[in-house]
Amino acid sequence: MLGPILFLIYINDLDSNPVGSILKFGDDTKLFGKANNDYDRQTIQCDIDSILEWSDKWQMPFNSSKCVVMHLGKGNQEFTYFMGNQQLDTVDEQRDLGIVIMKNLKPSRQCHKAYARASKSLGLIYQTISYKKSGYLVETL
């Protein structure tokens, strides 16, 4: 029971230096900000560098191969960002806490996944019922 509390205390100062916003949940960290021009891009890159510096200091490295960038909104200039000397991959969709977030912020992919899951469950229920007649269902054991 002490492990999660100690982990939270350990990473508590992660967001002390960055200018942008940081979200932390478990072992996931999200850095986000608005980048309308090169100055904003440089600010976000400095935030990434600051987080990387923190991880080196506390010997808690980020897995840069799992780190990605998602550009949201129309007219986004889609700047490139680096973690150390590795360029971060750009993605069009990302799954977070069971929810699919798409670049265009439309929920169609999430709705499709929910529909597929519900159809699968209904199909399983339908297959387990042996007698179906005029609205009466009899379940076999």
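Taking the chain, how much of its Cα-Cα pair set, in percent, is spaced more than 24 angstrom apart? Here the long-distance tail beyond 24 Å is 50 percent of all Cα pairs in the chain.
For every other residue with a beta carbon closer than 15 angstrom to the beta carbon of residue 101, add +1 if it is Lys or Arg and -1 if Asp or Glu, then tell me the sum. Summing Lys and Arg as +1 and Asp and Glu as -1 gives +2. Using only side-chain charges placed at the Cβ, +1 for Lys and Arg and -1 for Asp and Glu, the dipole size of the chain relative to its Cα centre rounds to 1100 debye.
Per residue, the chain reaches -12000 deg cm²/dmol at 222 nm when only DSSP H runs of four or more residues are counted, each adding -39500 (n - 2.57).
Look at the dipole of the chain built from charges on Cβ: of 59, 105, 75, the Cα furthest out on the positive end belongs to 105. Modelled label positions at residue 85 and residue 109, each set 7 Å beyond Cα in the direction of Cβ, lie 3.2 nm from each other.
Here the spin labels are modelled as points 7 Å beyond Cα on the Cα-Cβ line, and at residue 119 and residue 24 they lie 4.2 nm apart.
Every read-out reported here was derived from the displayed coordinates using simple, explicitly stated rules and does not represent laboratory data. Worth saying up front: this structure is predicted, and the values here are computed from it rather than measured. With ideal geometry, Cβ positions are generated from the backbone for all residues, glycine too; neighbour counts draw on all protein chains shown.
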